[in-house]
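The values are calculated or read from the model by the stated rules, or taken from the named source; none is laboratory data. Computed from a predicted model, the values in this text were never measured in an experiment. We place every Cβ from the backbone using ideal geometry, glycine too, and count neighbours over all the protein chains shown. The accessibility values were calculated without ligands, DNA or RNA, using every heavy atom of the protein model including side chains. Shrake-Rupley method; radii C 1.70, N 1.55, O 1.52, S 1.80 Å.
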Amino acid sequence: MAEAVVEGGTKSAATRGGADPSPGVFEQLSAVADAVLYEGYLLYPYRRSSAKNRVRWQFGVLFPRDWVEADGPVIPGVSGSADSWYQQTECLLRVRQPGSARVRVRVRYLQMQRKQVEEAGRPVESLRTDDGTDHLTFDEALPRECEVEVPLDELLQGGRTVAVGAAAGEDTEPLPEGAGRVVRSREEIRAETTVTAERLSDGLCRIRVRTTNTAPASRPRTARDEALRRALIATHTLIGGDGVEFVSLIDPPTDLEAPVRACRNEFTFPVLGGQAGDDRRVLLSAPIILPDHPQVAPESPGDLHDAAEIDEILTLRTMLLTDEEKREARATDPRAAAILDRVDTMPREVFERLHGAVRSLTPVAGTPSADRPAWWQEGADDGLSPTTDTVLVDGVRLGSGSPVRLRPRGRGADAQDMFLAGRTAEVAAVFHDVDGSVHLAVTLDDDPAAELNNWYGRFHYFRPDELEPLEPAGSPDEPSAPAPAAAPARHTTDSETPAAEAE
């Protein structure tokens, strides 16, 4: 999820010390979990007629198994790469209260709901009532969740399976003055979640949570839109407990790297939830990539439901919709109408906060002033040149034009970077950031758009210890690269950013 929606917290390999969570620990994650639930629910410009809203529900969709197998093979272990009938989370937890430890699991998803407009007893695509309100036939969705709390000892002895499905139903809403009606119908969702545990060592267990769509066989060649009516959409899982604490799967302690690598997470990415720092009381397993301790940006005034949304630009674009476009958006979905209401009434001071924020600053000597803020040192970037600077890696000077092999770190690396492991690339530039760190911009050798990306300044960024030089070692007498200075980062294009900087 993008910067304006969810921002990353601080990663830490330390453990918490055993404080038990309160029953409301999941509620601390509610804003982030809801952002996951409605990620890509309805894309700008929020109208039914928009082409991008004709193919919806792309995240965490668990279809009936037979439909998936008929449509094509699932790719196990590659999260989000294909439709699936199941979702599996495996994570590690430390047991702080043996004998009394308990585990809580909450499974959340959307149930598709068909909104059908009828006039004189027959279905129609749209209807305008005498008061000027439009009503459109459209697919909505209802949030569903199921929670189970189980003693850890029971999970170690075989586990527990619970139903997490939802009943079928139909609701009818008459339109004013007998103009017609709106019928909302839902098909039954049949699904179950199995929670088990395995003891790895004294005080360390592996928990598995597997949610499966158990719907009966579909009719042959069922269309995706029809299969969605029996699917779990935007499925994600919250895991907490009493007397336990979770281990980061992104940045685990050194002694737990091997058992973390052995965890099999399929179609989901588990991260630590709760407050940034050493809070390890809850884990969020979502079908999209998040950092440990994700938080909704405090500047965000509300959900825009647009995958990878950036609040300011979407708000500006929504403001520019014509009256007719806004009429259609309001008729498309109640959540689209809520977005329009919020944008139309947004106070100026709230809108101005969307322009941007600095999350961390590096203090410098001297007294800040209005024309020289605390993070800025005049002339601090003098002498830096991204295209000519070099950095020493394994005895080799790497700079613009150097051939390298990508070796993303096993701990703390961005998931997208991990997909590039082992690929060869060419260094385009060396950048020094305001926090004193160094990143090398590279272009992939086998990228057919490498030349175009280089022209636009769109690169992949890696730390020096994530690159393997592919040229002979240089002389140790060669001059060293300029010392990192507290200067603003130079790579401010819309290119990829290092995981350590992304918010």
>> Of all residues being small (Gly, Ala, Ser) and either surrounded by 10 or more Cβ atoms within 10 Å (Cβ to Cβ) or in a loop (DSSP other than H, G, I, E, B) (or both) in the stretch 361-372, which is modelled with the lowest pLDDT? Just the residue, please.
In response: 370
> When only residues in the stretch 182-195 that are among the acidic types (Asp, Glu) and either free of Cβ contacts under 8 Å to residues at least 24 places away in the same chain or open to solvent by 70 Å² or more (accessible area, probe 1.4 Å) (or both) count, which is nearest to residue 213 (Cα to Cα)?
Replying inline: 192
> Which one of 405, 409 is part of a strand (DSSP E or B), touching a residue at least 40 places away in the same chain (Cβ under 8 Å) and of a type in the set (D, E, K, R)?
Replying inline: 405
> Do we have residue 198 as in contact (Cβ under 8 Å) with a residue 12 or more places away in the chain, in contact with a strand residue (DSSP E or B) (Cβ under 7 Å, 6 or more places away or on another chain), under 30 Å from residue 277 (Cα atoms) and surrounded by fewer than 17 Cβ atoms within 10 Å (Cβ to Cβ) here?
Replying inline: yes
> Regarding residue 279, is this residue charged (D, E, K, R), assigned to a loop (DSSP other than H, G, I, E, B) and touching a Gly at 6+ places or on another chain (Cβ under 6 Å)?
Replying inline: no
> Failed condition for residue 284, given (1) part of a strand (DSSP E or B); (2) over 21 Å from residue 206 (Cβ atoms), with all others met?
Replying inline: (2)
> When the residues of the stretch 323-360 are filtered to those that are open to solvent by less than 70 Å² (accessible area, probe 1.4 Å) and not in a helix (DSSP H, G or I), which remaining residue is farthest from residue 434 (Cα to Cα)?
Replying inline: 333
> Do you know which residues across the stretch 130-141 are surrounded by 14 or more Cβ atoms within 10 Å (Cβ to Cβ) and out of contact with any Phe, Trp or Tyr (no Cβ under 9 Å at 6 or more places or on another chain)?
Replying inline: 133, 134, 135, 136, 137, 138, 140
> Regarding residue 254, is this residue within 22 Å of the chain's Cα centre (by Cα) and either surrounded by fewer than 22 Cβ atoms within 10 Å (Cβ to Cβ) or within 29 Å of residue 114 (Cβ to Cβ) (or both)?
Replying inline: no
> Under the condition of being of a type outside the set (S, T, N, Q) and closer than 15 Å to residue 27 by Cα, which residue from the stretch 281-309 is surrounded by the most Cβ atoms within 10 Å (Cβ to Cβ)?
Replying inline: 283
> Going through the stretch 402-442 one residue at a time, which ones are among the polar types (S, T, N, Q) and buried (at least 18 other Cβ atoms within 10 Å of the Cβ)?
Replying inline: 402
> Quick check: is even one residue across the stretch 165-181 assigned to a strand (DSSP E or B), of a type outside the set (Ser, Thr, Tyr), open to solvent by less than 50 Å² (accessible area, probe 1.4 Å) and under 19 Å from residue 229 (Cβ atoms)?
Replying inline: yes
> Considering only residues of the stretch 310-322 that are surrounded by 13 or more Cβ atoms within 10 Å (Cβ to Cβ) and part of a loop (DSSP other than H, G, I, E, B), which is modelled with the highest pLDDT?
Replying inline: 321
>> Here are the criteria: (1) farther than 30 Å from residue 254 by Cα; (2) at pLDDT 80 or above; (3) among the polar types (S, T, N, Q); (4) open to solvent by 40 Å² or more (accessible area, probe 1.4 Å). Tell me which single one residue 475 does not satisfy.
In response: (2)
> Considering the stretch 216-233 alone, what residues qualify as being among the small types (Gly, Ala, Ser) and at pLDDT 95 or above?
Replying inline: 231
> In the stretch 39-58, which residue that is aliphatic (A, V, I, L, M) and open to solvent by less than 50 Å² (accessible area, probe 1.4 Å) is farthest from residue 85 (Cα to Cα)?
Replying inline: 43
> Of the residues 107, 162, which single one is buried (at least 22 other Cβ atoms within 10 Å of the Cβ), of a type in the set (A, V, I, L, M, F, W, C) and assigned to a strand (DSSP E or B)?
Replying inline: 107
> All but one of (1) surrounded by 19 or more Cβ atoms within 10 Å (Cβ to Cβ); (2) of a type outside the set (Ser, Thr, Tyr); (3) modelled with pLDDT under 75 hold for residue 61; which doesn't?
Replying inline: (3)
> Looking at this structure, is residue 241 small (Gly, Ala, Ser), surrounded by 20 or more Cβ atoms within 10 Å (Cβ to Cβ) and over 20 Å from the mean Cα position of the chain (by Cα)?
Replying inline: yes
